[in-house]
1. Could you list, in their original order, any pairs among A:Lys37/A:Lys113; B:Lys226/B:Lys274; A:Lys171/A:Lys312; B:Lys77/B:Lys196 whose Cα atoms are separated by more than 21 Å?
2. Rounded to the nearest 20 Debye, what is the dipole magnitude of chain B about its Cα centre when Lys and Arg each give +1 and Asp and Glu each give -1 at the C-beta?
3. Among B:Arg420, A:Arg364, which comes first, then next, by fewest other beta-carbon atoms within 10 Å?
4. Around A:Ile79, which amide H atoms from residues at least 5 apart in sequence, or from another chain, sit under 5 Å from its own amide H, with H modelled in the peptide plane?
5. Looking at chain B, what % of the alpha carbon pairs are farther apart than 40 Å?
6. Skipping prolines and chain starts, which residues have an amide H placed within reach, meaning under 5 Å, of the one on B:Asp103, given they are 5 or more residues away or on another chain?
7. Can you check what the Kirkwood hydrodynamic radius comes to for region A:1-117, Cα pairs only, in Å to one decimal?
8. So if I place +1 on the C-beta of Lys and Arg and -1 on the C-beta of Asp and Glu, and nothing else carries charge, what would the dipole magnitude of the protein assembly as shown be about its Cα centre? I want it in debye, nearest 20.
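Values quoted throughout were computed directly from the atomic coordinates according to the rules given, and no laboratory measurement underlies them. What you are looking at is a predicted structure, and each value in this text was computed from that prediction instead of being measured. When we count neighbours, we look across all protein chains shown, and the Cβ atoms used for this are built from the backbone with ideal geometry, even at glycine.
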Amino acid sequence: MIFERPLLENVLTLLVIVPLVGLIPLLAFIRDERAAKQVALVTTFVELVVSLVMLAQFRVGEAGFQMVESVLWLPSLGIRYELGVDGISVFLVVLTTLLTFVSVLYSSAGVIKHRVGEFMAVFLLLEVGMVGVFLALDLFLFYVFFELMLVPMYLIIGIWGGTRRIYATLKFVLFTLAGSLLMLVAIVAVYLASGEPGARTLSFQELVSGGTRFSPTFQFWAFFAFALAFAIKLPMVPFHTWLPDAHVEAPTAGSIVLAGVLLKAGGYGLLRFALPLFPLGAQAWLPIIILLSVVAILYGAAVSTVQKDLKKLVAYSSVAHMGFVTLGLFVLNSQGGVGAVLQMINHGLVTGALFLFVGIQYERTHRRLIADLGGLANQWPLYTTFFGIFLLASLGLPGLNGFVGEFLVLVGAFRLEGAVSGAVWGAAAAIGVILAAVYLLWMFQRVMYGPVREAYKALPDLSPVEVACAAPLLALTVLLGVFPQPVIRVIEPSLDRMLEIAAAASAVAAR
Amino acid sequence: MIGLDAALGEERAEPWLPWIVIAGLAAALYAPVLYPASGLFFGGFVSVDAFAGFFRLVFIVLAALTALIAPPYLGRKRVPAGEFYGVVLFSTVGAMTIALATDLITLFVGLELVSIPTYVLAGLQRRDRWSNEAALKYFLLGAFSSALLLYGFAWLLGISGSTELSAIAAAVGRAGIADPAVVVALALVTAGLGFKAAVVPFHQWTPDAYDGAPTPSTAFMSVAPKAAAFAAILRVMASALGPLQLDWSLVFALLALVTMTGGNVVALVQTNVKRMLAYSSIAHTGYILSGVAAMAAGASAGAAVLFYVFAYGIMNLGAFASLIYVDLEGTRGATLDELNGLWTRHAAGALSFTIFLISLTGIPVTIGFLAKFLLIQPVLDAGYVWLAVAIALNAALAAFYYLRVVVHMFMYDPDEKAPRIERARVLSLSLGGIAILTILLGILPDPIYSFALDAAALVVIR
């Protein structure tokens with residue numbers, strides 16, 4: 001984007017390694033809270049800088065993978081250590097490093113009170129998995145990173161979570177694991193179907209070169225297994241039940257990365273692997289996915305409206321927002337796809353921020369029930385301003401980032417052709433946008449306005465650290481809302497390439 | 001191969017025993033390097049080849065690790081250490097004999113040489129009634145299964161007129177499955193070997209024997225004799241009964257399904273971790289067995305079985321050995337509640353235990369994950385899609401009870417009645433070493449996997 005020549009060689013491997021390197025001093029000082037916080041802050045900051053360097057040396061307008069690193073990892077199996085970024089993943093990587101840094105910064109300001117060293121160590125381990133997921137170009141490596149996110153998040157919810165944390169964390173792990181283990185079977189099946197013994201591969205670039213090699217029946221089931229794993233992670237509507245529990249019990253930092261990054265791994269997996277590898281399978285399952293997406297949008301919005309718990313409300317609103325992502329991906333056109341990717345980035349920024357603010361509020365009042373709150377606007381002007389802007393972004397106000405993604409998805413949906421006209425789906429999804437305004441504004445009114453409780457009168461407004469956490473998110477929210485075009489220019493070629501790969505593959509298979 | 005056995009029984013210098021054992025085992029591992037001989041020996045009774053070499057590595061590693069983890073337990077329970085190590089070594093020799101066998105007689109001698117010392121291992125804590133019960137149950141059912149197996153071998157001898165595996169293969173191939181004698185022999189051999197490997201429905205002895213035996217014995221018993229049983233299964237089923245592969249494959253696939261599901265479902269409801277691990281080891285037998293069922297896929301199936309046996313060996317031994325930290329009366333293993341807050345009480349122990357449990361679940365980056373990845377390959381290749389799906393679902397089911405242990409170690413606080421925690425440096429170092437190995441081989445498995453591929457090439461069904 002800025003540098004003509006790469007500033008850093010092997011920048012992607014560096015992104016994977018930096019948190020691991022940070023783990024070494026962290027484990028040495030694990031009992032020393034101050035040192036542990038400092039090491040974690042420095043590490044995640046360095047990681048953020050490295051990811052920005054990666055962004056700076058990204059060449060805009062190129063559709064293919066850049067900065068690719070490829071080494072034979074398991075020679076006897078032909079499995080490669082292969083990393084690369086394209087327009088789809090490049091922002092997701094930066095989003096990950098930014099949200100991780102914000103989470104660590106917020107957590108180090110005294111929110112995490114026990115086992116601080118362990119918390120930071122687990123967070124760094126989580127970052128390895130999250131960054132790796134968006135970089136891996138070999139299915140095996142992708143699976144390794146995908147699962148590497150699991151155990152740290154399990155510990156984060158289970159150790160530093162709320163009262164029902166153990167139920168929530170086990171539910172989260174078992175749901176996710178059931179899906180991903182079936183995906184593992186499908187990955188092995190892909191491996192076996194990729195060629196003769198000795199020439200087998202799981203490298204994405206090799207798998208998609210020269211059209212698909214998988215039969216329609218194979219694609220039908222392989223897509224099912226992949227989509228199931230990602231649908232659980234995303235989560236799509238009948239598999240979403242783990243999400244509210246996990247979010248409510250997770251500590252604030254856990255919620256931020258769970259909503260901001262982990263859910264994106266599901267949407268990213270669908271777009272990067274499930275769609276281009278099994279286009280015929282995607283075609284076969286498409287009506288169901290579109291239907292479930294619209295159901296998710298409406299159901300998520302409806303359920304959010306009646307929530308009593310602030311955190312649960314934001315969690316269910318995530319279900320609705322993720323419905324836009326899957327809808328945009330599976331209308332299979334450029335607008336929808338770009339909108340879906342934007343929606344992932346926007347949701348990461350905005351919902352991450354909303355969870356941050358719910359957490360900040362909870363730290364002060366120790367209440368999460370909407371009925372127990374009220375009148376905070378008078379007490380906390382700064383808080384109210386920040387929270388209000390993120391809220392408006394979340395409901396899709398033009399001029400803020402949420403609008404751009406949802407608008408493009410709706411445009412894509414209206415262009416969908418099929419037995420049921422795209423206009424029906426588009427209109428239904430648009431109702432979801434209106435509902436979002438209803439539940440978010442109503443919540444804002446009940447929490448922020450009205451008479452203030454005596455107990456809350458002495459509570460302070462945002463601290464400098466909290467402003468520092470929220471400011472970059474706010475800046476990006478406004479920036480992406482006003483100038484989405486540069487970002488779209490990066491995403492679009494790569495997204496079109498994915499759709500072309502899918503189209504070419506179905507053409508080959510149809511012959 | 002191991003001439004040190006005799007000396008060990010007499011020694012009273014207990015602290016030195018494990019190191020003498022390890023030195024002996026290292027010498028045994030080194031010996032074939034000095035005398036690189038391969039081929040048939042003793043009139044064709046044994047074959048020194050890569051297959052035998054792979055299992056020799058497995059058994060020596062497992063015996064050496066057992067010697068490293070045992071001392072704290074043996075010391076505090078006053079289990080006679082000399083006998084313990086001696087018996088472990090005898091069992092190891094037997095296991096290697098199985099891997100070398102090309103003849104039913106050698107194979108059977110090897111199997112008995114594995115089994116009889118393990119009966120002793122189970123009952124070594126003489127004053128403990130659970131230990132006695134374990135030994136008795138193990139002995140009775142073990143003897144019964146040996147008799148079944150021997151009877152099956154007799155039928156094979158009757159069919160072929162020979163005890164050589166290759167001659168049997170030829171004769172069985174001629175007779176075909178239509179011959180009722182072949183069916184009887186096949187059933188008896190399957191049942192007999194199934195007992196040894198703890199395949200459902202021949203597994204009844206396992207939970208009590210593993211639960212009641214002294215914990216270091218359990219750690220050894222749950223891995224080495226099982227690995228030996230799979231060496232025998234591969235030799236007999238692939239080499240001698242290979243021509244009938246099409247006929248027994250489906251039976252093995254069904255047994256695998258029943259075994260993994262049965263083991264996991266019962267493990268779910270256990271509150272004692274030692275007993276839970278006993279059932280989990282049955283489930284792992286099921287996973288390995290599905291690799292045997294997929295022998296039609298060629299060398300990758302055998303290699304997957306061998307790799308899984310190795311992976312299972314180190315991670316399961318590590319998991320049982322982690323229970324040695326908790327000092328309880330008799331041979332009892334810790335309950336879930338007794339593990340509460342182990343992380344705050346003994347961080348290194350809790351960490352390595354967690355790594356073993358994650359590996360047993362099959363989550364990357366551990367050897368257990370790679371073992372499952374490698375195993376699913378031949379199973380799919382052989383056309384058993386349902387079995388591969390069953391493996392995946394079972395692994396998710398198993399995650400529930402493995403991770404519950406992690407919950408108790410990390411997410412609960414210890415109460416006043418929490419048992420004493422052993423602080424033995426050698427135990428922590430060796431378990432830490434095994435844990436690092438579990439991760440390291442999960443990232444770079446090629447040395448072991450290539451070896452397994454070479455070894456498996458010798459038991460491929462053609």
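1. B:Lys77/B:Lys196
2. Details: 24 positive and 26 negative charges, 86 e Å.
The dipole magnitude comes to about 420 debye.
3. Values: B:Arg420 11, A:Arg364 16.
So the ranking, lowest neighbour count to highest, is B:Arg420, A:Arg364.
4. HN-HN under 5 Å from A:Ile79: A:Trp73, A:Leu74.
5. On the way: 14009 of 106491 pairs.
In whole percent, the share of Cα-Cα pairs in chain B beyond 40 Å is 13.
6. B:Leu165
7. Details: mean 1/r = 0.0633 Å⁻¹.
Answer for region A:1-117: a Kirkwood hydrodynamic radius of 15.8 Å.
8. On the way: 53 positive and 54 negative charges, 295 e Å.
It comes to approximately 1420 debye.
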